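Take a look at the structure set out below.
The values are calculated or read from the model by the stated rules, or taken from the named source; none is laboratory data. Nothing here was measured: the structure is a model prediction, and the numbers come from that model. Note that each Cβ is placed from the backbone with ideal geometry, even for glycine, and that neighbours are counted across all protein chains shown. Quick note on the areas: whole protein, heavy atoms, side chains included, nothing else; ligands and nucleic acids left out. Shrake-Rupley method; radii C 1.70, N 1.55, O 1.52, S 1.80 Å.
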Amino acid sequence: MGNRADVLVRGDEPGRYELRADGVDDPLMTVVVTEESVDPPMQLPAALPPGRPFLDEGEITGPDREVVLHVDPEVFDGAFPNAYRMLGSNATPPADPDGDLTRDTAYGRFDPEYVNHTLRLGDVERWTVRTDETVPSHGHPFHLHTNQFLVTHRNGEPLDPPVWHDTVGLAGGTPGDSVTFLVRYQDFTGIALAHCHQLHHEELGMMQVVEYVEP
Ligand SMILES: [Cu+2]
């Protein structure tokens, strides 16, 4: 959820066509083609616009960042007992450093007043986002606002070619799943968010503040 893709589709014979994603039971979209074909048929473009140029690790100018998508079960009373956190290299600090972090509702939880990552315009950085999943069957689509990022590795294995995303899915239930991406911060300063795109995960704390600043 939350990811975007541009897809060109040309209708052919009348019928029902499903757009499906690997590993997802239900179709993402169903297209119904009716009536007669137009004549002459619309042509698909012979060439697509060039994609955004790739980033290279040699362009990195800022620190490596790590985000750990973490769940602590049975922390809260009521219908939503799990605590969803974003840990890693700039986690929201614990309320009590000597306390039980698995029961510390401040630790790693979204705090709108706390800037987790200060990001300078023009920098290129490498982020690794991984799961630390103790509760099975919770996928975590990671989303960074404002700047698209180039996913270069999954679970440490390089992608050929790398792929631009603004949201990238990590399957839950398999601790240690990871994606690595390169990102250049461009154009816009200000406060934005990095978060899991499962709404109830982000609302229960799996979200961080990033601030884009002038260099
Ligand atoms: Cu999540």
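Connecting C-alpha atoms closer than 10 Å in a GNM of the chain, tell me which of Leu121, Leu150, Leu170 has the biggest fluctuation. Looking only at Leu121, Leu150, Leu170, the biggest GNM fluctuation is shown by Leu121.
Normalised per residue, the accessible area of region 62-213 is 44 Å², obtained with a 1.4 Å probe and no contribution from ligands, DNA or RNA.
Treating each Cα of region 1-112 as one equal point scatterer and applying the Debye formula with no solvent, the log10 of I(q)/I(0) at q = 0.17 Å⁻¹ comes out as -1.00. On the basis of the beta-carbon distance and an R0 of 30 Å, Leu121 and Glu66 show a calculated FRET efficiency of 0.85.
Tell me whether region 95-151 comes out rounded, prolate or oblate; compute the Cα gyration tensor, take square roots of the eigenvalues as a ≥ b ≥ c, and use a/c under 1.5 as the rounded threshold. Mind dumping the intermediate values first?
On the way: a/c = 2.57, a/b = 1.39, b/c = 1.85.
Oblate shape, in that a/c is at least 1.5 and b/c is the bigger or equal ratio.
Our compactness index for region 79-215, the C-alpha radius of gyration over the empirical 2.2 N^0.38 Å, is 1.06. For GluC sites (Glu not before Pro), the sites in region 1-95 that DSSP calls loop and that have at most 15 other Cβ atoms within 10 Å are Glu35, Glu36, Glu74. The alpha carbon centroids of region 1-64 and region 182-210 are separated by 25 Å.
Each residue of region 49-65 is assigned a 3J(HN,Hα), and the resulting list reads x, x, x, 4, x, 6, 8, 10, 4, x, 8, 5, 10, x, x, 5, 10 Hz, derived from the Karplus form 6.51 cos²θ - 1.76 cosθ + 1.60 (θ = phi - 60°), x at Gly and Pro. Shown is the FRET efficiency for Asp12 and Arg103, computed with R0 = 35 Å from the Cβ-Cβ distance and rounded to the nearest 0.05: 0.05.
Based on the Cβ-Cβ distance of Val135 and Ala46, what FRET efficiency does E = 1/(1 + (r/R0)^6) give at R0 = 41 Å, to the nearest 0.05? Each step should come with its number before you reach the end.
Working: r = 49 Å, r/R0 = 1.18.
Calculated transfer efficiency: 0.25.
Taking the accessible area of region 62-213, probe 1.4 Å, and keeping the other protein chains in place, the carbon and sulfur fraction comes to 50%. Here's the picture: a label point sits 7 Å out from the Cα of Thr34 along the beta-carbon direction, and within region 3-17 the residues with their amide nitrogen under 19 Å of it are 10-17. Here the spin labels are modelled as points 7 Å beyond Cα on the Cα-Cβ line, and at Ala171 and Arg20 they lie 1.6 nm apart.
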